[in-house]
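The values are calculated or read from the model by the stated rules, or taken from the named source; none is laboratory data. Note that this is a predicted model, so its numbers are computed, not measured. Here the Cβ positions follow ideal geometry from the backbone for every residue, glycine too, while neighbour counts run over all protein chains shown. Surface areas here come from the heavy atoms of the whole protein model, side chains and all, with no ligands, DNA or RNA. Shrake-Rupley method; radii C 1.70, N 1.55, O 1.52, S 1.80 Å.
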There are 6 protein chains.
Amino acid sequence: MSRIDGRTAEQLRPVTIERGWSKHAEGSVLVSFGDTKVLCTASLTEGVPRWRKGSGEGWVTAEYAMLPRATNTRGDRESVKGRIGGRTHEISRLIGRSLRAVIDYKALGENTIVLDCDVLQADGGTRTAAITGAYVALADAVAWAQAKKLIKPGRQPLTGTVSAVSVGIVGGVPLLDLRYEEDVRADTDMNVVCTGDGRFVEVQGTAEAAPFARDELNALLDLAVAGCADLALIQSTALEKQK
Amino acid sequence: MSRIDGRTAEQLRPVTIERGWSKHAEGSVLVSFGDTKVLCTASLTEGVPRWRKGSGEGWVTAEYAMLPRATNTRGDRESVKGRIGGRTHEISRLIGRSLRAVIDYKALGENTIVLDCDVLQADGGTRTAAITGAYVALADAVAWAQAKKLIKPGRQPLTGTVSAVSVGIVGGVPLLDLRYEEDVRADTDMNVVCTGDGRFVEVQGTAEAAPFARDELNALLDLAVAGCADLALIQSTALEKQK
Amino acid sequence: MSRIDGRTAEQLRPVTIERGWSKHAEGSVLVSFGDTKVLCTASLTEGVPRWRKGSGEGWVTAEYAMLPRATNTRGDRESVKGRIGGRTHEISRLIGRSLRAVIDYKALGENTIVLDCDVLQADGGTRTAAITGAYVALADAVAWAQAKKLIKPGRQPLTGTVSAVSVGIVGGVPLLDLRYEEDVRADTDMNVVCTGDGRFVEVQGTAEAAPFARDELNALLDLAVAGCADLALIQSTALEKQK
Amino acid sequence: MSRIDGRTAEQLRPVTIERGWSKHAEGSVLVSFGDTKVLCTASLTEGVPRWRKGSGEGWVTAEYAMLPRATNTRGDRESVKGRIGGRTHEISRLIGRSLRAVIDYKALGENTIVLDCDVLQADGGTRTAAITGAYVALADAVAWAQAKKLIKPGRQPLTGTVSAVSVGIVGGVPLLDLRYEEDVRADTDMNVVCTGDGRFVEVQGTAEAAPFARDELNALLDLAVAGCADLALIQSTALEKQK
Amino acid sequence: MSRIDGRTAEQLRPVTIERGWSKHAEGSVLVSFGDTKVLCTASLTEGVPRWRKGSGEGWVTAEYAMLPRATNTRGDRESVKGRIGGRTHEISRLIGRSLRAVIDYKALGENTIVLDCDVLQADGGTRTAAITGAYVALADAVAWAQAKKLIKPGRQPLTGTVSAVSVGIVGGVPLLDLRYEEDVRADTDMNVVCTGDGRFVEVQGTAEAAPFARDELNALLDLAVAGCADLALIQSTALEKQK
Amino acid sequence: MSRIDGRTAEQLRPVTIERGWSKHAEGSVLVSFGDTKVLCTASLTEGVPRWRKGSGEGWVTAEYAMLPRATNTRGDRESVKGRIGGRTHEISRLIGRSLRAVIDYKALGENTIVLDCDVLQADGGTRTAAITGAYVALADAVAWAQAKKLIKPGRQPLTGTVSAVSVGIVGGVPLLDLRYEEDVRADTDMNVVCTGDGRFVEVQGTAEAAPFARDELNALLDLAVAGCADLALIQSTALEKQK
């Protein structure tokens, strides 16, 4: 079966990672997974939230949002509504947890890094693109802090790399990296976050239309692990470039 | 290794399901998983939200909350803070999705069921207890509506049963149904929602301390599937009793 | 005239006070006035709000809330609406004032007690049940603090006891402790809070349907004072039990 | 004992009622009880809230607020804080109930009257001044609607008059119409709302410092009833004047 | 062409400035521009916001609001809506900037002055009346602080005076100080804030119906400068009176 | 005097207008004024807000926002704070008014266009870049609607073009199109919105440090009018390109 855009089932969309997109942020990346485009900035400031002061440990957190017309129909701004929706909260928390999984707080020292992931254009997989891009912005911010001696010489706050991809069963077939049209037709939808060495940070599978069996789960996990490995390679290639 | 309360690794805490707890609600259950106690009420009203009117289909949604002193230290009320936290949103959405997985909207007809899951006392596993109890409250509300002829004769809105349990790796050992003390020490934490026939509705695994490998994931899924089967039996036993 | 549940005009509903309901709170009570059930927890923490620091005096405050399906039709959660209603505010303030009336702040020392009164099921008189139950939870929290030496030896922060009851004129007849069906039919509705020695802490009378005369007010006060005396006895009996 | 401003215990402060203060409102009054000044406007619009449509009955409601510098120290604006405080809610509800006690909804027809009571300067007794002034603004708005034929000829929506006064025990002495300095020193504080024929609409007594006995309650009620009678006279005198 | 109230094009409405309107505020003025009435209070407190502490400099800020029935139809309270509207924000910011333009922060020392401008009745020009009145309240508060020695002897925090007026093109004719009926018919609307020596603090011109040409802009500025000079005279006359 | 980036006083920064930036929006532009980059999308939907239904006229409105790390230090998200700041409100209103100045509502018919202007990177002049870019997005959305026959054949909703630029006096010299470093040092700051034929839509001048004289105002207006003419040319060039 050929997919809507001609990909095979186990193929990622074209992925690009453009570093140094913002002149202000300590790390910044415009990541695209096909037509999904997310601007990820990493803001590093000295000091930590009050509850962590004096611990010698740093903190990493994330906020996710979508521009009102990132999607096919305009959504109301959460700032105008005066409250953040459940979906936004959930994804912000997921991104934060995913990146904290590869952070050594002691090595980071009492510095705080905030990752802002703003979806400029959405076509499925915004949270997985955000995690994948945010890791690169995080790495740039850490390098910036090392250059500025905000992190002690010889300490490496990053304990690994992290990337994420969506998988799903569409028309009975497990597919990697769903576009929006595929996502809405999926029976099962799963987001998987992996470290560069192939272990899991998050596995979130949801039966959208029908409960799924153990072997379907396994097939999806296989796809996702392979996809994350591809993404890890793209990340490292991007980071090797001179910014 | 013996657990803090003497259970084996694959053993549930004592689970009780007390139906008919509230005189007002169409379905109501006080569910306990050990010291975790959740009051689940199902409120059925005729009619559906505006975006669904005229579709002939019903709707099911859920709200989760915790009493301020359900936990060891008092938390601020979300009503006083004026906003719902991300964790509350996330769990409410999970409960709603889990129960909708076993609902046939057409058979339900244009009726709305709201499941309120209020944690009266928390000791780990509040979301899984909530889902397990809410299913029973939902079943009672459906039966009430059938008796009242709000649902067409011969139609069965419930397409199956659903229960949920937490699993985690603590000190290297996969354990079923974590208490709070176990939960805070877990390296990996997973919530699994299954249908009565052993398929998955939700799988949410998180690396709390260290990324987890595929075989660890498999061991946790094995534990969870068995635990959900035990819970399905407890649910059906409860539902067989005269209320 | 016989009342809907066979009580005489001056008779309370069956009142039960179950202490030690929560394993976490320093004091906790499930109080029922007939079908009205309120969970009252007293949370004692060392320290006081900033405006009271260094005064050597403690603080007592209260928050009242209703579960969404405590009533016959489901109410929207105040946390979801993002604001607390006027009724909730008013009752929280009433409970706080009532309990502060029997507190010696100096003897309490710089400790804070928060009373959470959550209505699990409502059938009229929720605020009076809350005050009556909260007093018992408060007494248990104070005893806990004395045992923990958080309160100086020999000091007694409680200067008396406090209980509360509703009264009203229904069909021209003054009645004690109104159920919901009676409450909605009342011409005049009054909540009275008394100390154990029969003095008034709060008197709040409202003409629901028609202004009331001085002798009607007097009749209601007579009923309420007697009712509070009965409640004081039930409280002291409950407190004498081994928890 | 002479009071701070030379009044006797049973004497009101100088009370003035200036009608027609606003050119826009259907009824408007600047009422002063000594240095307490409240601007009361009555806004009458055709139609009723949705829940009352088609009933043939009208609606009356009230909102109370204080200018930030009405008091000795500036208070934060509730609009800036984004939420209304409990005290504001409570007083708004009290004013609304008090005025509804003298309204015949059927005679009012499907019209809505909103009473806005904004405290321009506060020196104790702001809620009682607000009720007393709002009644006069209400009467003017009703007369306006009668002249405009918005109310059916021959129908009188006002079933009586209403006024309010504060009383309290200060230094052991029951006093009428407390100024701020007296109010803060009061052991017991009571607000009483009476109809012009001497019956009670609201009685709200609070033990500020010490519980109060039945005879103290009686003494306060005697004072309040006499004070409300004086206010009713001042109201009727004001209403007799050509506006 | 004669205006609705008989004024010439370049004539102000009758302007009154009543000082000492509030007994609590350090400076207070009831200002009227025809039927527009604004109560302006200046609250001076020792100390400054945290971000300015230790600078030796003071701070001046302003808040503008309208009573619900200040206008012809009742507006919802912003405190009830839970958020301040854009117009309110914008005007508050304008008033604050306008008054800060004549403040020497060093001479003020670490004191904060908050100007509250509450519109009691609106008939066009509320923001310009507010600025004009607030300047006088500010001057009184500064004088009060000088008398109390909160400001160092010999220092003068006021570097000039400030007043404001609206101008607009109505029916092709430039007019000074628009009433509401004129304002709604204006093609172009401009608010101008001037110092007493005739320089500009703010110029805010808006094409309501049609873009305006440079010579129209010039004609409006001429009118406004002359109007502000008249207002400056009225301010100084008011300030010369014994309060 | 040479400017920080080598421009002359009357020179714009490099301005680029990239059309068709978003695949979802009916019109979309990424506009840059030097390092200031704003994404402007125009969302056209059939229908109008309720208050305008049946009028046969359309509506145009705008929302402005900044990504948290658009600036040199990260700002808190307004969605997280739960309220929109005064500056955001003010600029949103300004953009809306500016674009409505060149709209013929009748010709637009009952369609609504929302302009979202999200600042991706800020370096001074974000509101003027937003207006200039939003006009182009608006023109594209109008053309889209004409092609889709949502606008009646032969009708042209655009009555002209609109662009905006900032000017200010820095170190005594009037400068066009201020960068951030210039803006913070400006004594006077002015934003001017002009139509393509050189008339004014908005003139907003503010004395940041010192009041400004009439001849300074004139010099700034001269600069701004010329700058807007340059921008109008850049806009028309961009619109002539095949998208």
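Okay, here's what the table says:
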item: Looking only at region D:1-25, and only at residues there that are within 14 Å of chain E (Cβ to nearest Cβ) and of a type in the set (D, E), the one that is most open to solvent (accessible area, probe 1.4 Å); result: D:E18
item: Pairs with Cβ under 8 Å, 6+ apart, first in region F:197-209 and more than 22 Å from E:T195 (Cα to Cα), second assigned to a strand (DSSP E or B) and among the aromatic types (F, W, Y); result: F:R199/E:F212; F:F200/E:F212
item: Test: B:R83 is over 18 Å from the mean Cα position of the chain (by Cα) and part of a loop (DSSP other than H, G, I, E, B); result: yes
item: Any hit, region C:124-142, residues being basic (K, R) and in contact with a Lys or Arg (Cβ under 8 Å, 6 or more places away or on another chain); result: no
item: Hits in region C:25-48 - residues which are within 21 Å of the chain's Cα centre (by Cα) and not in a strand (DSSP E or B); result: C:A25, C:E26, C:G34, C:D35
item: Residues of region A:26-39 satisfying the condition of being surrounded by fewer than 23 Cβ atoms within 10 Å (Cβ to Cβ) and within 21 Å of F:M66 (Cβ to Cβ); result: A:L30
item: Index of the failed condition, B:G154 passing every other in (1) on the phi < 0 side of the Ramachandran plot; (2) not in a helix (DSSP H, G or I); result: (1)
item: Failed condition for D:A224, given (1) within 13 Å of chain C (Cβ to nearest Cβ); (2) open to solvent by 10 Å² or more (accessible area, probe 1.4 Å); (3) of a type outside the set (K, R); result: (2)
item: Qualifying positions in region D:40-51 - out of contact with any Gly (no Cβ under 8 Å at 6 or more places or on another chain) and surrounded by 12 or more Cβ atoms within 10 Å (Cβ to Cβ); result: D:S43, D:T45, D:E46, D:G47
item: Filtered residues of region B:188-218 (kept if part of a helix (DSSP H, G or I) and surrounded by 17 or more Cβ atoms within 10 Å (Cβ to Cβ)); result: B:E216, B:L217
item: Residue ID - nearest to the chain's Cα centre (by Cα), chosen from residues in region F:179-205 that are small (G, A, S) and under 22 Å from E:A207 (Cα atoms); result: F:G196
item: So B:T159, is it polar (S, T, N, Q), more than 11 Å from every other protein chain (Cβ to nearest Cβ) and more than 22 Å from C:G75 (Cα to Cα); result: no
item: Unique match (being modelled with pLDDT under 95 and among the hydrophobic types (A, V, I, L, M, F, W, C)) among C:A129, C:A219, C:A210; result: C:A210
item: Conditions (1) facing another protein chain (nearest Cβ under 10 Å); (2) open to solvent by 10 Å² or more (accessible area, probe 1.4 Å); (3) of a type outside the set (G, A, S); number of the one not met by D:Y105; result: (1)
item: Residue in region E:62-77 that is part of a strand (DSSP E or B), more than 14 Å from chain F (Cβ to nearest Cβ) and either open to solvent by 20 Å² or more (accessible area, probe 1.4 Å) or modelled with pLDDT of 95 or more (or both) present; result: yes
item: Residue in region E:144-151 that is within 14 Å of chain D (Cβ to nearest Cβ), surrounded by fewer than 24 Cβ atoms within 10 Å (Cβ to Cβ) and assigned to a loop (DSSP other than H, G, I, E, B) present; result: no
item: Residue that is nearest to the other protein chains (Cβ to nearest Cβ) [pool: residues in region D:26-48 that are over 19 Å from D:A129 (Cα atoms) and of a type in the set (A, V, I, L, M)]; result: D:L44
item: Of all residues making up region D:155-182, the number that are open to solvent by 30 Å² or more (accessible area, probe 1.4 Å) and of a type in the set (S, T, N, Q); result: 3
item: Hits in region D:45-94 (condition: of a type in the set (S, T, Y), without any contact (Cβ under 8 Å) to a residue 24 or more places away in the chain and farther than 16 Å from E:I84 by Cα); result: D:T73
item: Residues within region B:1-33 that are over 16 Å from B:Q121 (Cβ atoms), touching a Phe, Trp or Tyr at 6+ places or on another chain (Cβ under 9 Å) and of a type outside the set (G, A, S), tallied; result: 2
item: Sole exception among (1) modelled with pLDDT under 95; (2) in contact with a strand residue (DSSP E or B) (Cβ under 9 Å, 6 or more places away or on another chain); (3) away from chain C (no Cβ under 12 Å) for D:I84, by number; result: (3)
item: Among residues of region C:108-139, those that are buried (at least 24 other Cβ atoms within 10 Å of the Cβ), over 19 Å from C:Y64 (Cα atoms) and within 14 Å of chain B (Cβ to nearest Cβ), counted; result: 0
